Structures are given as C-alpha cells and as structure tokens.
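Working notes, structure below.
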Amino acid sequence: MNIFKRLYVSIIKLFSRRGYKGAEKGRLYGKWIVNNNSPNANLEQYPTLRQRANDLYVNNPFINGAINTLVNRIVGAGTTPQARTKNNDFNTQVEQAFKRWSESADVYGQYHFGDMERVIIQKLFLDGGIFIKTNLDNRRKNPFCLELLEYSRLATYGATPQGRNVVIQGVEINPSNGTVVAYHFVPAIIDDTTFNHRPVRIPVSNIIHFSPFRRPGQILGIPLLTPAIPYAYNLGEIVEAELISKKVEASLSVFVKTGDVYSHIQAASENQTTSEREIEIAPGMINYLEPGEDIQILDPNRPGKNFKDFTYFILEGIARSLGMSLEQITGDKSQVNYSSARHSELELRDYIKPFRKAIERYFLNPIWRQFISYAVMSGVLKVKDFMSNQEEYEKVEWIFKGDDWVDPVKEINAKANEILLGVSTLSEVCAAKGKDWQEVAKQRAREKEFLNNLGLNDISQETQIKDTIRSLEVIDGGKAQSNGR
C-alpha cells in the first residue's frame, strides 16, 4: 500500500512541475521568441507598421475594399446630431447651427465634418489612431474649428521637453507618473529638405487623441490592420507571380534542344551570315532543324487547380481579423444563402458597434460640447442661462448610418410589434435606419394632409381599410360555415 501511495505522490509531483504547456520552451517552441511585454514595447516598429498598412491600402484591392466597406458601415457620409434638451426651439436652433458649421469644420475651411469622421475611422485601421487639434479662427462667426494630425506628423527627433519630462516618438511624458502632457509635431508635411522642421509643442489639453487603446499606459495606437499585414502582402506577391506566369503561358515559348552541342557549334561556324538563328512560328510553317536538335514547348500549367481555395483561405484569415466574412471581403456571393448572409451581417453589425460608441464618446461628444460653448460665447446661439444649465444644453444623441434589413417583411413586422408591446419606440426604430424620428413624423403629417386635401387615402388608411375588410371576410366566412352545418 505504501508503494502505491509513493508512486501516486511521485506522479502528482511530476505533473505539477510541468506548469503551463503554453509556456514550454522545448524543441517545438524553441523558435517562439517574444519581446518585452510592456504596453509601449517596440515603439520603433510602429512607423514601419503604418507605412506598410497604408501601402496595402493603396495597392491591394482586397484591403482597400475592406477598409472602405468598414468606414462606410461605421459612419457612412457622417453622423447627424439630435439635440435632446427640453427646449424644442433651442434644439432646432443648435442643430441648424451645427449643420452650417459642419460644412467647413476644419481649420482650412475645405472639409466637411462628415469627411473628417471618415478619415478618423480610416486611420484607426491604417495608422492606429489620429490626433484632433482644436483651433480658433476669429474670422468665422463661430471661431471653433478642427485640425486633423496624422501619426506621421509626430516629431521623432528634435523635440525639446519641459522640465524633467521625456519625449518618446513625439509624445512628451511625465516620468514620475507616466502621464502624457504634450505632443510634438512637425509644422507641415513638406518634402523640401531645406525646410526647417523644428517641432511644435502642443499641450494635451488642446488635443483629442483618438485611438483604439488595448492596454493601460499605451501612448500610441497600433494599426488594426497589423495582424493582416503579412498575409495581405504575401497574397499580393502570390497573385503577382501568377499573373506573370499567365503572361508567360499566353506567350508561346519554344526551346530548341541540341543533342550534340559540338555539331551545333560546327554548323553555326559554317553559317557565317549571322551569329543568331531565328525560327519563325507561322501557320503552315515548314522548317528544318540542325542535326541533333529538337523543339520543346514550355507549358507552365499555372495556376494550379487549388489556387482559388488557397487564396480564399488566406482572405478568410484577413477577413476575420477585420471582423468581416469571406464573402464580404471578396464580394463573391456564389456560396452564400440567406441564413449565412444574415449571420455574417449580424456579426459585422456587432463588430462595428464598439467603433460607433468610441467615436461618440471620445470625439463627437467632446466636440459637441466645445461647439456649443463657443457658439454661445460668439453669439451664434442666443442662450441666457447657459452657464447655470450647461449640462442640459449639451444633451445630444448621434444618429449613425442606418442598417438595411436582411429580410424587410419579417423585420418590419417585428419592429411594429415591439412598438405595440411597448418594448421599443419610434425613435429607436428610426435611429436604426439612420433617420430622425421627429423629421419622419413631420413629413408623414405633411403627406397625410396633402393627400387628404386631394381626397386620397394615405397608405396607413389604406392598410386599415384592408385589415377591416379581411376581418369582415373572416366573420362572414365563419357564419357561412356555421349555417352550412
């Protein structure tokens, strides 16, 4: 009995010493070498990641299409604010003022606020983030304006920190507590080497740093495209190689095989008219080869029959890293049915929801609050009790691009039942479609009044009439059956 007990204890000790299999360093895992696990490790590699991600966006059709699709789905042409104060007149006034301001929201007066939103989302995937600098231009009615600064504008050298602060990749940090206090940017993107690139220091209070941070203490974002970069690059190289092979295949390649090289040299020496032989390929051609020569035609046989499956396997990995499905990144719907398309669509909607919340929390709401403050101070908005009720006047809801229904009949009936049961509202349904429920209600009222003046029924009235007729038919049918019995 003691022998079995000791054996049992020995086995337990043996397995307890093994620890975590994922941390083994044996023969199979010897090449798995990882770097320092700090949140800001390998900052020097970030510029390379950004350059490669942007290059893929410019030159790789799948990456370009995927990023454009995600930007379109997340913000579309731009979001629309709905003021949510108790003062309806103020709501209308501030929404109209924001609409006018949005037409030239940037510091250069050239770009629409919606276009800036699109760039911001795009840069999350290609650069890892972007900076939004708040500016004042006293030549405008509302002096408040914005300037977008890419990561490439960060000064990697020549920055002078204040006090004992340190500058890492253009980010000035207080080493005592690790907080970011300022950013250093080159003044402009100019390729002229004689231009003075003396960095400009901007305090953190004037900068909104929008980035999908994944770890506490991270000072710069990593491009969301990072996991897909090696796969997308190698896939591009493979496709390029196949294109070249198809060009070779399209061009008939003929090789002359010589069995006796010495006789070929002798024949060439006897023919002194030219040093090169030319064999013409033409219909009905009859030509005689030299002694010992044979003709072989090159057949590359490319691409292989598994080429599409192989490329689709790579594209599926790229798609998953971007929250998409294979058919969404390739556009190939040949293998898609209703159930799989609906499942992929719902997964994509879940993927983009955090992006919408992030841009709402860290960009749209802060910009809205500053816009209102400067609009009141400049007299664009006439509000007497703004300082005492500032939070009330800053209430807003953002309407994003609406999502189309996969099965319109089923989903619209479900939404109608949700409203009837009181578990949803017209506001929520309209917002999901990217519409303002108040504008929808006002437009419906105008349409009904116009049709009534013409003596025509509105579509809702037509529906009610049809439902009434159906009910009467059911009742009459029941009576007829009962009389028949």
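The values are calculated or read from the model by the stated rules, or taken from the named source; none is laboratory data. All of these numbers come straight from a predicted model, not from anything done at the bench. Every residue, glycine among them, receives a Cβ derived from its backbone with ideal geometry; neighbour counts consider all protein chains shown.
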Practice problem: Filter segment 406-424 down to residues that are outside any helix (DSSP H, G or I) and either touching a residue at least 12 places away in the same chain (Cβ under 8 Å) or in the same structural domain as Asn87 (by TED's automatic domain parsing) (or both), then give me how many there are. | Solution: 2
Quiz prompt | Residue identified as in contact with a helix residue (DSSP H, G or I) (Cβ under 6 Å, 6 or more places away or on another chain) and either farther than 15 Å from Leu346 by Cα or not β-branched (Val, Ile, Thr) (or both) among Ile412, Ile399 | solution = Ile399
Exercise. For segment 100-110, indicate whether the set of residues that are surrounded by 15 or more Cβ atoms within 10 Å (Cβ to Cβ), touching a strand residue (DSSP E or B) at 6+ places or on another chain (Cβ under 8 Å) and among the charged types (D, E, K, R) is non-empty.
Key: yes
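To keep it simple, each residue is scored yes or no on (1) under 18 Å from Pro39 (Cβ atoms); (2) of a type in the set (S, T, N, Q); (3) under 27 Å from the mean Cα position of the chain (by Cα).
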{"residue": "Glu150", "(1), (2), (3)": "no, no, yes"}
{"residue": "Leu154", "(1), (2), (3)": "yes, no, yes"}
{"residue": "Tyr157", "(1), (2), (3)": "no, no, no"}
{"residue": "Arg164", "(1), (2), (3)": "no, no, no"}
{"residue": "Thr179", "(1), (2), (3)": "yes, yes, no"}
Practice problem: Hey, can you tell me all the residues within segment 316-340 that are among the small types (Gly, Ala, Ser), surrounded by 17 or more Cβ atoms within 10 Å (Cβ to Cβ), touching a residue at least 40 places away in the same chain (Cβ under 8 Å) and assigned to a loop (DSSP other than H, G, I, E, B)? | Solution: Gly323
Practice problem: Output the residue which, of all residues in segment 77-96 that are touching a residue at least 24 places away in the same chain (Cβ under 8 Å) and under 30 Å from the mean Cα position of the chain (by Cα), is farthest from Glu392 (Cα to Cα). | Solution: Ala77
Practice problem: Go over the candidates Lys123, Lys133 one by one and state the one that is modelled with pLDDT of 90 or more, charged (D, E, K, R) and within 30 Å of Val383 (Cα to Cα). | Solution: Lys133
Quiz item: Which number in (1) under 27 Å from the mean Cα position of the chain (by Cα); (2) not in a loop (DSSP other than H, G, I, E, B) marks the one condition that Asn135 misses?
Solution: (1)
Quiz item: In segment 380-394, is there at least one residue being assigned by TED's automatic domain parsing to the domain that holds Arg349, in contact (Cβ under 8 Å) with a residue 40 or more places away in the chain, polar (S, T, N, Q) and more than 30 Å from Glu347 (Cα to Cα)?
Solution: no
Exercise. Can you give me the number of residues within segment 346-379 that are crowded, with 16+ Cβ neighbours inside 10 Å and within 30 Å of Asp309 (Cβ to Cβ)?
Key: 2
